[in-house]
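The values are calculated or read from the model by the stated rules, or taken from the named source; none is laboratory data. Values in this document were obtained by computation on a predicted structure and should not be read as measured data. Positions of Cβ are generated from backbone atoms using ideal geometry, with glycine treated the same way; all protein chains shown enter the neighbour counts.
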Amino acid sequence: MSPVNKLKLYYLPLSNSLFIRIVLEQGGFENVEYSKLTQKEDGTIYLEDGSKYTDVNPKGWIPTLVINDKDVLTEAVVVAQYLVSLRPEKYFFPQEGLAKYKAMALLNFLTTEIQKGIMVAKKPFADEKVKNWVADDIAKRYQYLEDILSSQDFLLGDQFSIADAYAYNTTRWIGLCGLDINRFPNMVNWQKRIEKLDFVQRAIKNEGLEPIY
Ligand SMILES: N[C@@H](CCC(=O)N[C@@H](CS)C(=O)NCC(=O)O)C(=O)O
């Protein structure tokens, strides 16, 4: 891989860019630029200079990471794993064997089953009935995480990982479907544990957000 001299993250407060900002803060990368996006009522996302975000990322989704001012990388779980690959010594993430694929399976579960599941509650057609359906569905998926956290402090073991960064950010959105996190006491303790980490605190503040607790 050619050397990475500069990273740029396009972010929108309350979106999934917080996940990647936490990963960047944990990695201690030096030359990182954060470029704030804005979203209009009709959903269109713009850059600070007023140009359309789709000029940078044709998919129009957040987050986007730009490497060395030229290469564009999207899909949050892939962006996070790319950052881990740059500085594996900074992260707790298995690099080989079945453990690596199990960790990737968890990331895939978070993106396809949890994030995309919750986002159904934001669709224009989401009335009370749809929101209740989403809440029931997401509750079953969070129960899976709750059970993991009954025997370990974090989702991949005894240390914080990119899976925790992602799952934590999804818990900031569960109000969208009216689900109450207090149904999951292990997850509540885990959220509090995560919010004690200095790099998480920095990421939340620099993203322009407040901690949950
Ligand atoms: N597959 C993408 C999906 C990302 C995604 O849905 N991001 C949301 C914000 S958290 C978004 O960009 N929504 C704006 C839109 O859908 O137009 C990923 O995993 O990064």
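Of all residues in segment 47-68, those that are loosely packed, with under 15 Cβ neighbours inside 10 Å, more than 9 Å from the ligand (Cβ to nearest atom) and either of a type outside the set (Val, Ile, Thr) or assigned to a strand (DSSP E or B) (or both) total 8.
Residue pairs whose Cβ atoms lie under 6 Å apart, separated by 6 or more positions or on different chains, with the first residue in segment 181-200 and farther than 17 Å from ASN169 by Cβ and the second surrounded by 16 or more Cβ atoms within 10 Å (Cβ to Cβ), are ASN186/GLU146; ASN186/LEU149.
Which residues, counting only those in segment 10-37, are in a strand (DSSP E or B) and either of a type in the set (D, E, K, R) or more than 12 Å from the ligand (Cβ to nearest atom) (or both)?
Selection gives VAL32, GLU33, TYR34, SER35, LYS36.
Among residues of segment 83-94 that are closer than 14 Å to LEU24 by Cβ and modelled with pLDDT of 95 or more, those with a Cβ under 7 angstrom from a residue that is surrounded by 15 or more Cβ atoms within 10 Å (Cβ to Cβ) and polar (S, T, N, Q), sequence gap 6+ or separate chain, pair up as LYS90/GLN26; TYR91/GLN26; TYR91/SER161.
Among the residues making up segment 52-68, those that are free of Cβ contacts under 8 Å to residues at least 40 places away in the same chain and farther than 30 Å from LYS196 by Cα are LYS52, THR54, ASP55, PRO58, LYS59, GLY60. Restricting attention to segment 108-125, the residues that are touching a residue at least 12 places away in the same chain (Cβ under 8 Å) and farther than 16 Å from THR171 by Cβ total 2. For the residues ALA80, ALA105, the requirement of being assigned to a helix (DSSP H, G or I), away from the ligand (no atom under 13 Å from the Cβ) and at pLDDT 95 or above singles out ALA105. SER2 versus (1) touching a residue at least 60 places away in the same chain (Cβ under 8 Å); (2) of a type in the set (Ser, Thr, Tyr); (3) within 24 Å of THR171 (Cβ to Cβ): which is the lone unmet condition? Of everything listed in (1) touching a residue at least 60 places away in the same chain (Cβ under 8 Å); (2) of a type in the set (Ser, Thr, Tyr); (3) within 24 Å of THR171 (Cβ to Cβ), SER2 misses just condition (3).
Exactly one residue out of ASP42, ASP49, ASP71 is free of Cβ contacts under 8 Å to residues at least 40 places away in the same chain, more than 19 Å from the chain's Cα centre (by Cα) and within 28 Å of GLU89 (Cβ to Cβ): that is ASP71.
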